[in-house]
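Report on one structure; see the data block that follows.
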Ligand code: NZQ
Ligand code: ZN
């Protein structure tokens, strides 16, 4: 276990079928003026909206709403929400939805009292807030991003074709609490469910594929990956299986709540490629990751053979006997590909609306990270993206 780090995660979680009632315990801790934030209407169809509004009323809250937060929330929507929160003199932001809604609430939180353009400050210059921020709570309805227990907030600027995630350094940006009721996720369309499942899996990969030290995070990651593969197969066959869906929900939270990153340099290049594809196509986040993963991993495999071999043996149960390390490593990626196809994931970026003409722009929009086994240059990014078409 190498590295120096501190660890603090202040988000309180309420998990299970009864978890929403704990809003009654949390809401009294905050002021009267609440902004309820949600997406395009799924919570009105499945009844979660009515349940939440009743609890807000029972607690005597003065509620304003930001509705219509779109998947991959945009900077224009952020500006709109900041105005609503300012006019309401918000004391607290309650996000009810998936990662987009939770991320958006955090972006509003750091922007309400910010005197500068939040896009420039947080997403171009990557500065930390220098103003008061608003507390955020989250009722999660879609599983995958881990936004319910982290300080990440991804915003898309369609004008500049950029989709940028800022993971704020200060843990006060993490939600104060999150309600995780697996039942709420049962109304998700299959496409969104599997997109979220791959997002979970890839978050673990991004942290696992870095470093060569003996690290407790890698053992935790292997356990999480095995659980995700197991539960995903059950959920894929039987989406209403509560046990599988609840395990996926819990695994998603632990995949990206900072724990398994401890002591790791972390890679995140699949996310950088996927987000750049997302900036051009507005596709579902997990699908953008699925569509770029295999060409990327096959490209970096020679630079991290021992770790890929370990992944294949410990996660995919590939028998290494009689094979070279490289053969074992390749076989594991083939096993992963089989699982991805079994789930029905999108395996290329053309299907998401990307075209050969976009490759240069997508490459320019891809942030280059240097924590993985190979720091890519622009030519390599273009080569990988072409293989993803
Ligand atoms: O808008 P509504 O009508 O609610 O519909 C949503 C949306 O269309 C629907 N949905 C959510 N819960 C549902 C439901 N439909 C039926 N029943 C339910 N219970 O699902 C669609 C997708 O929702 P969204 O919130 O966009 O999905 P996800 O949770 O995947 O979030 C994606 C966003 O999170 C960012 C992504 O980049 C993207 O912008 N990420 C945030 C991260 C973080 N905070 O750390 C890390 C991730 O890597 C990711 O980048
Ligand atoms: Zn992700």
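Values in this text are rule-based calculations from the coordinates and carry no lab data. Because the structure is a prediction, the values reported are computed rather than measured. Note that we place each Cβ from the backbone using ideal geometry, even for glycine, and neighbour counts take in every protein chain shown.
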*Give me the orientation-averaged projected area of the Cα convex hull of segment 1-101, in nm², one decimal.*
9.0
_Show me the ranking of peptides 120-129, 64-73 by mean Cβ neighbours inside 10 Å, starting with the highest._
64-73, 120-129
*To the nearest µm²/s, what D does Stokes-Einstein give for segment 119-198 at 10 °C and 1.306 mPa s, using the Kirkwood radius over alpha carbon pairs as Rh?*
110
*Taking every Cα atom in the chain, find the radius of gyration and the maximum pairwise distance Dmax, and write them in Å.*
20.4, 69
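Calculate for the chain the 222 nm mean residue ellipticity that helices alone would give, adding -39,500 (n - 2.57) per DSSP H run of length 4 or more and normalising by residue count, nearest 500 deg cm²/dmol.
Values: 14 runs with 176 residues, N = 389.
That comes out to -14000 deg cm²/dmol.
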*Which log10 I(q)/I(0) values, to two decimals, does segment 173-312 give at q = 0.09, 0.19 Å⁻¹ under the Debye formula with one point per Cα?*
-0.28, -1.22
_For a protection proxy built on the mean count of beta-carbon atoms within 10 angstrom, sort 213-220, 29-36 highest first, please._
29-36, 213-220
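How big is D, in µm² s⁻¹, for segment 257-389 by Stokes-Einstein at 20 °C and 1.002 mPa s if Rh is the Kirkwood radius over C-alpha pairs? It would help to have the intermediate numbers written out before the result.
Working: Rh = 15.5 Å.
Calculated translational D: 138 µm²/s.
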_Please arrange 206, 331 by how many other C-beta atoms lie within 10 Å of their C-beta, fewest to most._
331, 206
*By average Cβ neighbour count within 10 Å, what is the ranking of 281-290, 184-193, 238-247, 96-105 from highest down?*
96-105, 281-290, 184-193, 238-247
*Report the residue, chosen from 293, 265, 130, that carries the largest GNM mean-square fluctuation when the chain is represented by alpha-carbon nodes joined by springs under 10 Å.*
130
*How large is log10 I(q)/I(0) at q = 0.17, 0.29, 0.30 Å⁻¹ when the Debye formula is applied to the Cα atoms of segment 79-136, each weighted equally and without solvent?*
-0.51, -1.31, -1.35
*Using only Cα atoms, tell me the angle between helix 242-255 and the longest principal axis of the chain; keep it within 0 to 90° and round to the nearest 10.*
80
*What residue among 77, 262, 323 has the largest mean-square fluctuation in a Gaussian network model of the chain, using Cα springs under 10 Å?*
323
*Write down, largest first, the equivalent ellipsoid semi-axes of segment 263-313 in whole Å, where each equals the square root of 5 times an eigenvalue of the alpha-carbon gyration tensor.*
24, 12, 9
*segment 139-181: radius of gyration and largest Cα-Cα distance (Dmax), Å*: 12.3, 37
*Please give the helix 75-87 orientation as an angle from the longest Cα principal axis of the chain, in degrees from 0 to 90, rounded to the nearest 10.*
30
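Return the tail of the calculated pair distribution for segment 238-329, meaning the percent of Cα-Cα pairs more than 20 Å apart. Mind dumping the intermediate values first?
Values: 2385 of 4186 pairs.
Counting every Cα pair in segment 238-329, those more than 20 Å apart make up 57 percent.
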*Quick one: work out the % antiparallel among DSSP beta bridges in the chain, nearest 5.*
20
*Given 0.36 nm per residue, what is the gain on full extension from residue 317 to residue 167 after removing their alpha carbon distance, in nm?*
50.6 nm
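What's the exposure ranking of 307, 12, 21, going from fewest to most Cβ atoms within 10 Å? Please list the in-between numbers first.
Working: 307 19, 12 15, 21 11.
Result, fewest neighbours first: 21, 12, 307.
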*Against the longest principal axis of the chain, how steep is helix 285-300, in degrees 0 to 90 to the nearest 10, with axes from Cα atoms?*
30
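Stokes-Einstein diffusion coefficient for segment 1-57 at 10 °C in a medium of 1.306 mPa s, Rh from the Kirkwood formula over Cα pairs: what value in µm²/s?
111
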*Just how far, in whole angstrom, is segment 90-156 from segment 25-77 if you go by their alpha carbon centroids?*
15
